[in-house]
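In what follows, a structure is listed as structure tokens, so that the remarks can point back to it.
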There are 2 protein chains.
Amino acid sequence: MDLSIIVPISGLIALVFAVYLVYKIRRQSSGNEKMQEISNAIREGAMAFLKSENKILVVFVICVSALLYAASFISGSNMHWGTAVSFIVGAILSILSGNIGMRIATLANAKTAEGSKESINKGLSVAFSSGAVMGITVVGLGVLGVWGMYTLFTGILACTQADATNILFGFAFGASSVALFARVGGGIYTKSADVGADLVGKVEENIPEDDPRNPAVIADLVGDNVGDVAGMGADLYESYVEAIIAPMALAAMAGGVALATATNYGPNAIALPLVISALGIFASIIGMFFVRTGKKSNVYSAMRNGLFSSTIIVAVLGGVATWYLLKDNPSGANPLEPYYAMLAGLIAGIVIGLNTEYFASEKQKPVRQIAEASKTGPATVIIQGLVTGMMSTIVPVISVVTAMIIAYHFAGFYGVAISAVGMLSILAYSLATDCYGPVADNAAGIAEMSGMGKDVRERAETLDAVGNTTAAMGKGFAIGSAAITALALIATFIVSLNLYYTPEEILDILSIGNPYLVSGIFIGAMLPFVFIALTMGAVGRAAYSMVEEVRYQFKEFKLLTDPKAKPDYKRCVSISTKRALREMIVPGLMAVIAPIVVGILLGPAGLGGLLMGSISSGFLLAIFLANAGGAWDNAKKYIEAGNLGGKGSPAHKATIIGDTVGDPCKDTSGPSLNILIKLMSIVSLVFLPLIIALTA
Amino acid sequence: MDLSIIVPISGLIALVFAVYLVYKIRRQSSGNEKMQEISNAIREGAMAFLKSENKILVVFVICVSALLYAASFISGSNMHWGTAVSFIVGAILSILSGNIGMRIATLANAKTAEGSKESINKGLSVAFSSGAVMGITVVGLGVLGVWGMYTLFTGILACTQADATNILFGFAFGASSVALFARVGGGIYTKSADVGADLVGKVEENIPEDDPRNPAVIADLVGDNVGDVAGMGADLYESYVEAIIAPMALAAMAGGVALATATNYGPNAIALPLVISALGIFASIIGMFFVRTGKKSNVYSAMRNGLFSSTIIVAVLGGVATWYLLKDNPSGANPLEPYYAMLAGLIAGIVIGLNTEYFASEKQKPVRQIAEASKTGPATVIIQGLVTGMMSTIVPVISVVTAMIIAYHFAGFYGVAISAVGMLSILAYSLATDCYGPVADNAAGIAEMSGMGKDVRERAETLDAVGNTTAAMGKGFAIGSAAITALALIATFIVSLNLYYTPEEILDILSIGNPYLVSGIFIGAMLPFVFIALTMGAVGRAAYSMVEEVRYQFKEFKLLTDPKAKPDYKRCVSISTKRALREMIVPGLMAVIAPIVVGILLGPAGLGGLLMGSISSGFLLAIFLANAGGAWDNAKKYIEAGNLGGKGSPAHKATIIGDTVGDPCKDTSGPSLNILIKLMSIVSLVFLPLIIALTA
């Protein structure tokens, strides 16, 4: 039996299941007119942003695909014209998955608030279902896209396997570049709106969070969706397809190119990553049922149970499938070798997630220490947060390194790439718990704005608090998977050099004794710093425009004194949209152009160094920013819960400053780094033939 | 004529010139009794700290030299027992140079204040002379130490040249480990005292800086000396000797081991780094005369003229000497090849210094932007500072990379090492302008405490302000030289592998396709983050003890209400001393132990990766921390000068918070990273034979 038939089946089941969930969500009440009005405003804002963003993306996609098509002539046989086609398909599917996620999230927010009126479990059910739609759509479009393109080019267009996987790099590049713009643009949007709303509303005018009189409140709620839903979805869609494509390419090359170090697991090794991902989809759907049928109000442990169930299921099924597919491999190697690699990746992903949770949890020492530091003012809060973020890098680094060494030990570069597939196999589940957060956050906002009363608001806030914890885990997971995916891509890059150079030449190119490689490492390590500076600076500038607008409206429209006055939400939404789109262009283009320029100036050695430098520094900075930001946020929440003086105390004010610093760290710059390191790797892979043609 | 005779001559001239300067400084008046009393208290505190620190260092030196002696038996012929001896000598000379610098700085502070009574130029003359003593002593002891050990082992003990340079690694290791403890201990000391004094004095009790009623004021002034004078001196002493030793070792190995890539410039290539350093001493002394005879009150341009003069002189003399020494080299290569490498390093050092100055200058955009951000509060000040620090990494990275590629292009690894010598050749001068800062700072403190009146205070503050700018340049220079020195050491590490492996094996070990090397890069990139967290956390804890003591004294001794009350300065001094020494041990040992552990676990590949990862991430983080810290500091000063509301305004308070965050960044964690990356490289070089013996 050809096991790979389950790949399209799993993709279709995923999409059918998503449709079923949407149908169920649609049947829920959206509450009263006021709530629907707010929800509509959020949806309109989010969709307007997506629409404007997509206009820019269309231009970008046309230019790059033209460039790819032209490059395929310059580069000769090593770059197929199909790369340009698959680039377009990858970009479209990535745009689509962000779009679907956003539609469902903005549909479910009012329904979650309305559900919370009934019970916390009802609210949870709606919010989690909407997250599940996002998760399941991303993976469904992922496997269908990769499988479809591969089948199209090997089957109908009769390309070789190696050519077809090369063409798939174009697909990944399409997904990757859309992801970068979505993450950066969404990140700038959400934080400029958030900081603008808070600085004027909470700090200057002393009105509560989500107060309807604040003109930036809708922009803030839109931001949760465009940043955390669409950005996160595009980010992980990219990791997912890249993790699948890297081992496919390595397996295809192991069959063609003579590689001393690579075990040839045979043609089924090309199908294995897709099959594992298909099994992961089934495991995730089963895991989701664990959450949805949880009766007790302990939302968080229901989610955790689901996570562990999915993990165990995919671990068991993955072993069986790997054995079945590789049992007759031509090398006669132990067919379970890649399975151990997959397990290493799966476990590393969970450990990294738990580490992030530890550092962001109000119940643990790091957050408590930041809260304690507020006794001596905001400066010590900042310092303690920096310390926490930096310390939090230890476990993720050790996890990734251990997984990599184990994976390599058992199955070489192919193993490293399969470990990324293992880590991302239950992505549908992780993404569901992750995207549930912003929906709950929106629901709490709608409850406040429509005056639904203290009870509902509190229930929605409980959901929101759990959402923050799962979002922190999700962030750690996103970073870890980005690192291991980028490593898989670098492994593929290294193996691809065999098409152009002898093994001796390659060793010379890749040596840290080669000054061009070392230069590449330095420049690569620098780029994440520059990227952070650009994106953080962008948030600052965009927030400043927002602050001015909000101040202006408070004053001119007499929002706080005249009870009949109404703020003009749309102007704030439009400011966020315009600024975010304008500011995303420079860092976005930098990520695409830097590897090409370095490759042309410093050759393949410089390019290899660039990838190594950017992944090591980008990975660490991403963890640092995410965990420092999360810890600052939760230190503030810990004090708001009544500790150390509670709301309004000097300690609270000190932690608000910490949280404001942390916001762009954890929601703009940090997550964008994930994509930066992956994108630069895939750009290097795609343009390697061109660079070699130009420099040789 | 044997040109290398100028090496011991230059060292002796340096020491004689230092004695002459001390004699001149001694003749200046130390002012009235009150001033002498304060100056004595500072000296006592500083010396007490050094004494306690040295006790710990003696234990460390004895343990490590015993370990080295034992290791020389395990490692066979590749590790000489002389390594243990030269380790001890290196450690002693490093302790000595810190000690001398501190003595002269604490001698000159009151005299500078007294001189400022007469004129700003008189004050400058005294302060700069004391900085010059420090600079000239460091380089004098540097060349004499390296030359002496090399002569001892090749001449009297008849070692081969390669063995002798190997033994010199022990010397560098001794200097390096003392430097780390001095930097970390001094850095923790100075910032715990500073933050403690400011948080209670300036912020809580609203008394001015350096107010004699503040019990921590003496500890604060002591801190300037132990951190900025002794720490900086030991840091650059290390860079200096390591930069000299690396090319000596490479030249010695090029004669012995057959290296395909290395040009054999003959035995004179071993002497060249010492000769260039000797010429640099002469050039620096001449440059110092430019400053001391400057008549106009533009202190800063006098210093800059001196810098450019020294640079031009050493650039000319270096060319002549290189040509003379290498004109008959056995390879028949162009004798000026290493000279171009030297020039590349020299210029890169100046560019990096100017970059730091730009980012720390009140007259430039970055600092102004931070100051502007204070309009929207402390959070935006912090964010803008982070942005500034990250952006400031671009020029240093490009400079180092360019210098490295040029140096390698002309003269291979030897060229890279010589470029570090070039950069550090005018160290005596740079250090003079750098150590002048803390003396001026102390003078301003003494002027305030002894009530010398507004005029004197203002003049001392002008000197202090210039000191801050030159100190910023000095910091940039220290970081740049640390990076290029570490690169030279890594080059030496790579070449040393030829003693154990075939060229093919080496390429395999050093490949970024080797997962152990990649693991090493990740771990290496992580260590600076952990190191920052440890040192910054240490400052926080030490500052907290200080805050408690100061609060206690203010309350119990009624310092602000009872005019007869006197604070107990000594208790604060003792707290800083104890905490700094306790907290320096863990990060210090980590730096020594990490390479050995990684080497044993992951082999030479892991070790090579560790060095590459730590240098790339450590270099970038060091620049980031130094420049963010400097910019925050000067944004505060810009507002204190009357801009944006001036002292006491909300904008001022926001920038005080930025400055407090920046303090441990720029004065503790950042500078310590310089030593971390160098120390790990030298530890790897010294223990490579042992690691290979244990893992083979």
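Points to keep in mind about this one:
- Rg in Å to one decimal, and Dmax rounded to a whole Å, for chain A via C-alpha atoms: 24.2, 81
- Sites B:THR160 and A:LYS365, calculated FRET efficiency, Cβ-Cβ separation with R0 56 Å, nearest 0.05: 0.55
- Projected-area mean, region A:76-115, by convex hull of Cα positions, square nanometres: 3.1
- With its label point put 7 Å out from Cα toward Cβ, B:SER649 sits 3.3 nm from the same residue's point in the other copies, in order from shortest.
- Where only C-alpha atoms are counted, convex hull volume of region A:126-204 per residue in Å³: 97
- Gyration tensor over alpha-carbon atoms, region B:476-541, equivalent ellipsoid semi-axes in Å: 30, 17, 9
- Protection proxy ranking for B:641-647, A:395-401, A:283-289, using the average of other Cβ atoms within 10 Å per residue and placing the highest first: A:395-401, A:283-289, B:641-647.
- Per residue, the convex hull volume that the Cα atoms of the protein assembly as shown enclose (Å³): 156
- For region B:90-102, Karplus couplings with θ = phi - 60° (6.51, -1.76, 1.60), whole Hz, Gly/Pro x: x, 5, 5, 5, 5, 4, 4, 5, x, 5, 5, x, 5
- Relative pair counts by distance (%), Cα atoms of region B:534-625, 5 Å bins: 2, 11, 14, 14, 13, 11, 9, 7, 6, 5, 4, 3, 1, 0
- Beta carbon of chain B nearest to the axis of the rotation taking B to A, residue and angstrom distance: B:LEU507, 2
- Gain upon complete extension [A:PHE289, A:ASN40; 0.36 nm per residue less C-alpha separation]: 86.7 nm
- At the listed q of 0.15 Å⁻¹, the Debye profile of region B:587-665, built from one uniform point per Cα, gives log10 I(q)/I(0) equal to -0.64.
- Pairwise alpha-carbon distances in region B:167-249 exceed 20 Å for 47% of all pairs.
- Annotation for region B:102-139: trypsin sites (Lys or Arg not before Pro) lying in DSSP loop with at most 10 further Cβ atoms inside 10 Å of their Cβ do not exist.
- Residue list for region B:517-535, given a label point 7 angstrom along the Cα-to-Cβ vector of B:VAL586 and an amide N cut-off under 18 Å: B:526-535
- The three principal axes of the Cα atoms in region A:382-459 give end-to-end lengths of 59, 36, 14 Å, sorted in falling order.
- Pairs of C-alpha atoms in region B:356-491 farther apart than 18 Å represent 66 percent of all such pairs.
- Overall shape: oblate for region B:74-203, with the ratio a/c of the largest to smallest alpha carbon gyration tensor axis at 1.5 or above and b/c at least equal to a/b.
- Given +1 at the Cβ of Lys and Arg, -1 at the Cβ of Asp and Glu and no other charges, the dipole of the protein assembly as shown around its Cα centre is 2040 debye to the nearest 20.
- Prolate/oblate/rounded label for region B:373-414 (Cα gyration tensor, a/c 1.5): prolate
- Under a 5 Å amide H cut-off, with hydrogens placed 1.01 Å from N, B:TYR501 pairs with nothing among residues at least 5 apart or on other chains.
- A P(r) calculated from all alpha carbon pairs of region A:151-194, with 10 Å bins opening at zero, reads 26, 29, 20, 15, 10, 0 percent.
- Three semi-axes of the equivalent ellipsoid, region B:118-159, Cα gyration tensor, whole Å, largest first: 39, 5, 4
- Estimated from helices alone, the mean residue ellipticity of the protein assembly as shown at 222 nm is -29000 deg cm²/dmol (sum of -39500 (n - 2.57) over DSSP H runs with n ≥ 4, per residue).
- Degrees, to the nearest 10: B:120-151 long Cα axis against longest axis of chain B: 20
- Here is the tail figure for region A:23-138: Cα pairs spaced more than 25 Å apart come to 42 percent of all pairs.
- If you sort the three axes of the alpha carbon gyration tensor as a ≥ b ≥ c, you get a/c of 1.5 or more for region A:303-366 and a/b no higher than b/c, which makes it oblate.
- Ranked by how many other beta carbons lie within 10 Å on average, peptides A:428-439, A:347-358, A:321-332, B:439-450 from highest: A:428-439, B:439-450, A:347-358, A:321-332
- The base-10 log of I(q)/I(0) for region B:200-355, evaluated at q = 0.12, 0.13, 0.15 Å⁻¹, reads -0.71, -0.78, -0.93 [Debye formula, identical scatterers on Cα atoms, solvent excluded].
- Nitroxide proxy distance, nm - points 7 Å out along Cα→Cβ at A:GLU33 and A:ILE5: 5.7
- Restricting the calculation to Cα atoms, every distinct pair contributes to the Kirkwood radius of region A:395-440, found to be 11.9 Å.
- Rounded to the nearest 0.05, the FRET efficiency derived from the C-beta distance between B:ASN334 and B:ASN305 at R0 = 30 Å is 0.35.
- Counting only heavy atoms of the protein chains and using a 1.4 Å probe, B:THR470 has close to 10 Å² of accessible surface.
- On the principal axes of its alpha-carbon atoms, region A:525-584 has extents of 55, 16, 12 Å, going from largest to smallest.
- In terms of the mean number of neighbouring beta-carbon atoms within 10 Å, the peptides A:648-660, A:43-55 order highest first as A:648-660, A:43-55.
- Placing one equal scatterer on every Cα of region B:1-85 and applying the Debye formula, the log10 ratio I(q)/I(0) at q = 0.19, 0.24, 0.25, 0.27 Å⁻¹ is -0.96, -1.03, -1.05, -1.10.
- On the basis of the beta-carbon distance and an R0 of 22 Å, A:LEU694 and A:TRP81 show a calculated FRET efficiency of 0.75.
- Working note: Karplus 6.51/-1.76/1.60 with θ = phi - 60° gives region A:675-690 the couplings 6, 3, 5, 6, 4, 5, 5, 6, 4, 4, 5, 5, 8, 3, x, 5 Hz, where Gly and Pro are set to x.
- Viscosity 0.890 mPa s, 25 °C: Kirkwood-radius Stokes-Einstein D of region B:138-285 over Cα pairs, µm²/s: 137
- Couplings 3J(HN,Hα) for region A:586-594, derived from phi with the Karplus relation 6.51 cos²θ - 1.76 cosθ + 1.60 (θ = phi - 60°), are 4, x, x, 5, 4, 5, 7, 7, 3 Hz, where x marks Gly and Pro.
The values are calculated or read from the model by the stated rules, or taken from the named source; none is laboratory data. Values in this document were obtained by computation on a predicted structure and should not be read as measured data. Backbone-built Cβ (ideal geometry, glycine too); neighbour counts: all protein chains shown. All accessible areas refer to the heavy atoms of the entire protein, side chains included, with ligands and DNA or RNA removed. Shrake-Rupley method; radii C 1.70, N 1.55, O 1.52, S 1.80 Å.
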